[in-house]
Each structure stands twice: as C-alpha cells, then as structure tokens.
1. Over 30 Å between C-alpha atoms is what I'm after, so list which of A:Lys402/A:Lys572; A:Lys327/A:Lys359; A:Lys110/A:Lys138; A:Lys67/A:Lys230; A:Lys5/A:Lys26; A:Lys67/A:Lys151 land there.
2. Explain nothing, just compute: Karplus ³J(HN,Hα) = 6.51 cos²θ - 1.76 cosθ + 1.60, θ = phi - 60°, for every residue of region A:119-135 in order, whole Hz, x for Gly and Pro.
3. Spin-label point model (7 Å from Cα, Cβ direction): what's the A:Glu22 to A:Lys572 distance in nm?
4. Pop the C-beta distance of A:Gln401 and A:His460 into the FRET formula with R0 = 41 Å and round what comes out to the nearest 0.05.
5. Take the Cα gyration tensor of region A:43-115, multiply each eigenvalue by 5, square-root it, and list the three semi-axes largest first, rounded to whole angstrom.
6. Distance between Cα centroids, region A:1-53 to region A:65-97: provide it in whole Å.
7. If you filter region A:246-301 for GluC sites (Glu not before Pro), then keep DSSP loop positions with at most 11 other Cβ within 10 Å, what is left?
8. Antiparallel versus total DSSP beta bridges in region A:157-246: what percent is that, nearest 5?
Amino acid sequence: MDNRKLAENFTLIADLLEIKGEVVFKTRAYRRAAETLASMSQQAANLLQQGENLTAIPGIGKAIAEKIEELVESGRLQYLERLQQEVPRSLVDLLQVPDLGPKKVALVWKELGITNLEELEAAAQQGKLRQLPGMGEKSEAKVLAGIASLKRRTGRTPLGDALPFADQILADLRALPGVVAAEPAGSLRRRKITVGDLDLLVAAEDSTTVMNYFVKYPGVERILGQGPTKSSVEFSNGMRAQLWVHPPQRFGTALQYATGSKEHNVRMREIALSKGLSLSEHALTRENGEEILCANEEQVYAALGLPWIPPELREDRGEIQAAQLNKLPLRLDLDQWVSELHTHSTWSDGKVPIEDMVKAAIERGYRVIALTDHSHSLGIVQGIPPDALPRQKEEIDRLQQKYGSQIKILQGIEVEIKADGSLDYPDEILATLDLVIASLHISLRQPRQQVTQRVLNAIHNPHVDIIGHPTGRLIPEREGADLDMEAILQAAAQTGVALEINAHPKRLDLEDIYARRAIELGIPLTINTDAHAPDQLDLITFGISTARRGWVEPQHVLNTWEPDLLLEWLDKRGNSNAAR
DNA sequence: GCCGTTTTCGGCCCGACTGTTTTCAGTCG
C-alpha cells in the first residue's frame, strides 16, 4: 500500500470521526497524518520494511503508526471497518457540498435518515431541510446551489490555466483607483501543480470599490459571500475566487496569511504565541493589545526571528525548522539559467526550424541549447528516422558556424522507451549524439513492475543522459505511469543519470516530493521546457517553481552549470561528442 | 491523537462571513 492510499484511509477516518462528532483535535491529528503521508518522498511501507520507527515522523504517534502497519501488512484496518459500521461511508460525499460541514451532515443523517447526495438533493427539493433546527429556506437553497455547483465543477484547476486567469483579474484590479497592490496568494502563489480556489489579495485603504468591482467581474455566475475584507465568487466555468482587501500598512501579515498553507500558518502562529504575540492577517498583537503592523512579509517573519521563507516552501514540510537554523535552500532563479536541454523543431513535431529555436534561446541569454527531437517510433508524431540524423547534424553544424560563440548547439534526441522496454534507437546511433533523453510516452498503463522495469532499462543504458518527464503524466487528463519511484531514484543515484523536471505546466514531472528525494540521493536534476515553439521556452518558470517546492538548489540543476562543466559531464556519460 | 528548553497531562491558531438566531453556531480558509 503506497502513501497516497494510506493518506486516503486516514482522511476517510477524519471525515467519519467529524460526522460522528469526535473531538476536533483527534480528527485534526488524522488529517495531519494524512497530509504528512501524502507529502513524504519515501514510501512508509519501505521505511517499515527497513525497520524504521514511523513515530519519528512528526504528526505520527503510536496509534497511527500501528494503523499504518496494519494497513501495509493486511491492506485492511479493523478500526476503520468498525467506524464505517457506525457512520455510513457515503456521508463523506456530502461534505463536498459547499457550506455543508460535519455538523449539518450529521443533522440530516440523524433527523432525516439521509445517507447520500441523491437523498439530500431530493429532501432539499421537497422542502424538508428547512424544518431542521438551525436551518431555514436560505440554507436549503444553498444546499441545492451547492449540489449544482458540485456537478459543474471539474475539481482543481491546473496551475497553467489558473495563473493566466488570475493574472488578468489582478491586472484589472490594479487599474482601480486606490489600489496600491494586487497579488496572487494561496496555492497559486505557492505554485502547487493544481489550484483549488483562486486566492487574490489587494492592498487598498477603502475596500468598497474593489469589492463591488470584483463581485461583478465578467464571468461571475454567483456571489458566494461579500464583506468589507473578504468576498468570494463562483465563475460560470465552475472556478471559484476569493479576494481579501487590507490596508497597505497591513499588507505583509495579510499576504502571509492568505498565502498559507494553512499548516504553515498554524506553525507560524504557534511560534508567535511562544514569543508572547498573536498573529493574524491584520497584525501581530502583543499581550497588552499593542499591534505591530507589517507592510511586507519580511517584517512578519523577522518579528518571529525567521528569515523570509519563499512561498513555494510553505507546506509545513520542515521549512520553519530550516529557517530557524538558517538552513533554507539556496534560491533557484531564472537569472541563473545557462542552458535549455529539451526542445523540438520541425525535424519532429516542433513548430519551427532549429534556427528559430536557437535564436529564441540566444534572446533569453542561454549559452547552450539541445535539440532533442523525437525518435521515429513514436506514432503520434513524425520522429526522426536514424538515417536522417546526419543531415540534421549538418544543419546544426552550419548554424553553429553562424552563431559561433554566442551559443553551443547540441544534437540530442528524445528517444522513446518502447513498450517492450527497449530503446527506439540502437546503442551505435545513440553513441553518435551529444545528449540523449529517454522518455515514456506510450503503454503507460502497464503494471507497476513492468513499466518501472522499462525506465530502469533506460537508466542503465550507458548512452542515456537524462530521463525525461519520468511518469509521463498530463495534468489533468492523464495519470502518469505507476512507477516504483524509489527504485528509479536508487538506480539513478547508482548510475548518475539525470532526472528531468519537465517545466510544461501540464507535466511538472518529476514532481516536487521526488525532486526533494532525488537531491537527497545526490542525483543531478535538469529542468527543461520541452518547447515545441520559441515562446514555450518561457514556461521554464513553472519548472523552477516546482524545483523550489522540492528544495532544489542551483548547484543541483544541470541548466545552471557553466557550459564547460555541462559538456564535461556529458562527455563523462560516455556517449557525447559535445565537447568536440 | 499528538506532543513537551515552562507540561507525560492538558493543552492544541485566528478571524470573516452567513444564517438563524436574539447572542451564536457552523463553515471556510
């Protein structure tokens, strides 16, 4: 049983306990354990096998460790099975309805015998909910609207879609009179791969104009709430956004609060309390009621004796302890970028000739670009047949002459890891290329052991330099291959092959938690855009954010290395002509 | 259920907004 499954079990326990009416601290403990498990870079099952004590993990004590053990060993959990006999499991679906929480779910269950969404909708339509204590006509209408919205919603929005949408709203908000600043917050600012609601924050003395503008923004289907400091809306596409407005002199605490994560903020407030301060979105408050206002986030962190923590790290994964010890990772940044190592041209499915990609790379200040067109077997695109590689080489040589010392152009390949586990090109051909990326695109649904073995084969091929977008996932439509990631990481550490964090917002693969594990194991990483057109080179920032979320530092990333160092590394990999 | 340079028992973050209420509970982030 993997960590995700374990986390699902503990989340289910928390939901059921909440409906049952258990004390909140117990449910909170189960939720925290679920979060921790989901964000661990190593499998709990593996740790158990190695004889590690799970109670060493923060948030996991004796009781939960025993439950993990039972789940890993038997695939079942007696405690959960007993719990489900008390509280019908289908009730947790009701918690998904906006404005329905555990108390109201328990109420409709106990008073009306409702156990699922269909029964809830029917009861609301029949006007039965309004008769319950504490509920009225409006609550009933809210339930119906909530169910409708639930049916319309597609779940979390990919970061690549949410960010441009939010940026447009923010630009419009900045243009309003009296608006001093407008920034993204929440998971958007932390650059999670998917975003639930859009969280937006505005600095302004008077919120009235801003709020009135926001709730009437084009595309707003309904207003979920509107107040002087906070409003939230739902768009016709099902996306939700909420906006906070705070005075500029309180913007720091407000931004810190709105950025989250919730768990990070809880830790921050605990530290504040230990220093005799109370931290809220409005201010830090001393015990005598005196307020300390923070116009920027640096002041908030400084007041707690901490350096500023980059938003991508704020997931309560040890960043606060690291900050206290002054051991936060060195910040990875675009201005450190030297090379782009995964691009396509019209030699396969790219949109432009090599020269246009080269020029675009030069414009961005890069000093190395690798053209890595697809090998020929990938059916959906026109790959390069092996006998065309010499002609491509001639073109690259000609361009290298033309652009001379401005940029080094590498002839690479994105070679397909075929369904049978072999690579699409024989070793003799791979050996002639400057750089080899091996990637999965097909037969991703093979059983774990089989698909993992394919990647392991590629890792052990001495000509392969990089494993491209390891799982092959596409957000949100395609789940990645069910890889045994620890086995892959161990093999990469052993052979020295680099793993890619593919920067395309539909991929962001290797994902953050495994990037973090990779650097622990000393595996070189590379962050590339997989650009099929010049402007896609700018997607690199998504990859950088994902790497930051994985605590990756500049020296871990091939793309920040000086060209000489990179070419030397490629040469040592044994297949490269690059240095010549 | 977890946790401990004040604690192995008694704590466990803070506030906005809504609806159903006559002062607050529930939900959300």
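1. On the way: A:Lys402/A:Lys572 28 Å; A:Lys327/A:Lys359 39 Å; A:Lys110/A:Lys138 21 Å; A:Lys67/A:Lys230 40 Å; A:Lys5/A:Lys26 20 Å; A:Lys67/A:Lys151 34 Å.
Check vs 30 Å cut-off fails for A:Lys327/A:Lys359; A:Lys67/A:Lys230; A:Lys67/A:Lys151.
2. Residue by residue, region A:119-135 yields 5, 5, 4, 4, 4, 5, 5, 7, x, 7, 5, 5, 7, 6, x, x, 10 Hz.
3. That separation, rounded to one decimal, is 5.2 nm.
4. Working: r = 37 Å, r/R0 = 0.89.
Computed FRET efficiency for A:Gln401 and A:His460: 0.65.
5. Gyration-tensor ellipsoid for region A:43-115: 33, 14, 10 Å.
6. If you average the Cα positions of each part, the centres end up 11 Å apart.
7. When the GluC sites (Glu not before Pro) of region A:246-301 are filtered for loop state and at most 11 Cβ neighbours within 10 Å, A:Glu287, A:Glu290 remain.
8. Beta bridges within region A:157-246, antiparallel portion: roughly 75 percent.
The values are calculated or read from the model by the stated rules, or taken from the named source; none is laboratory data. Just so we're clear, the structure is a prediction, and the values are computed from it rather than from any experiment. Every residue, glycine as well, gets a Cβ built from its backbone with ideal geometry; the counts of neighbours run over all protein chains shown. SASA here: full protein model, heavy atoms, side chains in, ligands and nucleic acids out. Shrake-Rupley method; radii C 1.70, N 1.55, O 1.52, S 1.80 Å.
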